[in-house]
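I have placed the structure first, in the form of C-alpha cells, so that the comments after it can refer back to it.
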Amino acid sequence: MTEAAADIRADQLALHLGSQRFGRSYEAVAACGSTNDLAALRAREGAAEGLVVLADQQSSGRGQKGRRWVSSAGQNLTFSLLLRPPCPITALPPLTLLAGVAVARTLRALGIAPRLKWPNDVLVDQPAGPRKLVGILTEMATVGDRIKHVVVGIGLNVNQTRFDDEVAATATSLALLLGRPVDRAPLLAQLLGALEAVHDQALGANGQRGGEAVEAALAAWRDFAQLPRPCRVERPQGPLEGTAVDVDRDGALLVRDHSGGVQRVLSGEISPG
Ligand code: BTN
C-alpha cells in the first residue's frame, strides 16, 4: 500500500489543523506516482470527503495539458484533496478557481501578493515578469450526470530554491520570495482551512448551496485575477485576442474581442496580449 512515512506526519499536521473535515483524514507517503492518482484510488476504495493525500516526492506528478509537475523531494507541498460534491455536474461550481482563491488567501496571509491566472495558476509578479508559485489540477470521476468524486491536486513551491531548466525562468517559491524557509506543516493546515472555508461558502458543508454563494466566492477570484487584462488565448479552435473581463459561474473565461463581442472560453492557454 503506502511507502515509508513522509516528513509531514499526521500528528504534526493535527497540531495546527483548524478545519473540521479537510485533512482530518490524512495519508502521507514518502513517494508515489501522483497524489491525484493515489487520492482517486482511495476514493474508489470508499474514502470520505476531506481526505488529504500528500507525497514528499512524485515520480509522475502532472499538470494541465499533460505537462509534468516536478518538485524536489521534501521541499514543497504536493498533495491532493478528495471531494464528494453531492450535486450533479451541471450544478458544480468551478472548483479549480475556488481552490485558487483559497491558495491566494493563504499566501496573502504570509505577506505575498499572488495573482490568479485562469484557470489554474497562482503567480507572483516580479520585476522580470510573472513567476509561478502554485499549480492546481482538478480531476473528476463521473457516472452519467452524477459526480463520483473530485480530486483537487495542489503543488506549492515552498522551500525549493533551484529549479529544472524547463521551469527555471518561470518558477518561484515561498523561500525565494520571503528570503527564509517556511515550515510546511502549519502552512498545509492553513491552506486546508482556507480550502474548507471557500468550499463551504460556495457549496455549503452538505453541498446544497449554489447561486449567489458561488458568485460571492468568485468575486474573490476576480480580485486576485486583476481583471480586466489584455490577453491572447490559444484555444483548440484557434487564437483569440482581446481583453479578459470576467469569469462566469461555470468557470469559463469571458474575453471581449476587438469587435466588442464577448467570447466564452472553456479551455485554452492565456498569455498577456
Ligand atoms: C499545473 O500547473 O498545470 C497543475 C500542477 C498540479 C500539480 C499537483 S502536485 C499534487 C497533485 N498531483 C499531481 O500529479 N498533480 C497535482
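A few notes on this one:
- The peptide list 26-34, 114-122, put in order of mean Cβ contacts within 10 Å with the highest first, becomes 114-122, 26-34.
- Under a 5 Å amide H cut-off, with hydrogens placed 1.01 Å from N, A171 pairs with K132 among residues at least 5 apart or on other chains.
- For the stretch 12-22, Karplus couplings with θ = phi - 60° (6.51, -1.76, 1.60), whole Hz, Gly/Pro x: 5, 5, 4, 4, 10, 5, x, 6, 7, 10, 5
- Separation of the R84 and T142 label points, Cα + 7 Å toward Cβ, nm: 2.0 nm
- Student exercise, the chain dipole from Lys, Arg, Asp, Glu Cβ charges, in Debye to nearest 20: 160 debye
- Karplus-derived 3J(HN,Hα), 6.51/-1.76/1.60, for each residue of the stretch 149-166, Hz, glycine and proline x: 6, 10, 10, 9, x, 10, x, 10, 6, 9, 10, 6, 10, 10, 10, 4, 3, 5
- Here's how it looks for V29: its modeled amide H is under 5 Å from those of A6, L54, A55, D56, which are all 5 or more places away or on a different chain.
- Interchain or long-range residues, amide H under 5 Å from T138's placed H: G153
- Out of every Cα-Cα pair that the chain contains, those further apart than 29 angstrom amount to 29 percent.
- The stretch 126-273 - Debye-derived log10 I(q)/I(0), Cα point model, q = 0.18 Å⁻¹: -1.36
- With all projection directions averaged, the alpha carbon convex hull of the stretch 65-141 covers 6.8 nm².
- Working note: Karplus 6.51/-1.76/1.60 with θ = phi - 60° gives the stretch 102-117 the couplings 5, 5, 4, 5, 5, 5, 4, 5, 8, x, 8, 10, x, 10, 8, 10 Hz, where Gly and Pro are set to x.
- F163 accessible area, assembled protein chains, probe 1.4 Å, Å²: 40 Å²
- Residues in the stretch 144-164 that a label on V70 would reach, taking backbone N under 18 Å of a point 7 Å out along Cα→Cβ: 155-164
- Among H149, L38, T96 - extreme Cα towards positive end, dipole of the chain, charges at beta-carbon: T96
- Multiplying the residue separation of E212 and S25 by 0.36 nm and subtracting their alpha-carbon distance yields 64.3 nm.
- Put simply, the stretch 1-138 fits an ellipsoid with semi-axes of 24, 19, 16 Å; these come from the alpha carbon gyration tensor as the roots of five times its eigenvalues, largest first.
- With a cut-off of 12 Å between beta carbons, the residues surrounding S60 carry a summed charge of +2, where Lys and Arg count +1 and Asp and Glu -1.
- FRET efficiency for the pair R264 and D165, taken as 1/(1 + (r/R0)^6) with r the Cβ-Cβ distance and R0 = 41 Å, rounds to 0.65.
- Simple label model, 7 Å out from Cα along Cβ direction - D125 to R108, nm: 1.5 nm
- Residue separation of R235 and R9 scaled by 0.36 nm, minus their Cα-Cα distance, works out to 77.2 nm of gained length.
- Contact order normalised by residue count of the chain, Cα under 8 Å, 6+ apart, percent: 17 percent
- Using only side-chain charges placed at the Cβ, +1 for Lys and Arg and -1 for Asp and Glu, the dipole size of the stretch 124-273 relative to its Cα centre rounds to 140 debye.
The values are calculated or read from the model by the stated rules, or taken from the named source; none is laboratory data. What you are looking at is a predicted structure, and each value in this text was computed from that prediction instead of being measured. Positions of Cβ are backbone-derived with ideal geometry, glycine not excepted, and every protein chain shown enters the neighbour counts. Please note that ligands, DNA and RNA were not included when accessible areas were found on the heavy atoms of the full protein model with its side chains. Shrake-Rupley method; radii C 1.70, N 1.55, O 1.52, S 1.80 Å.
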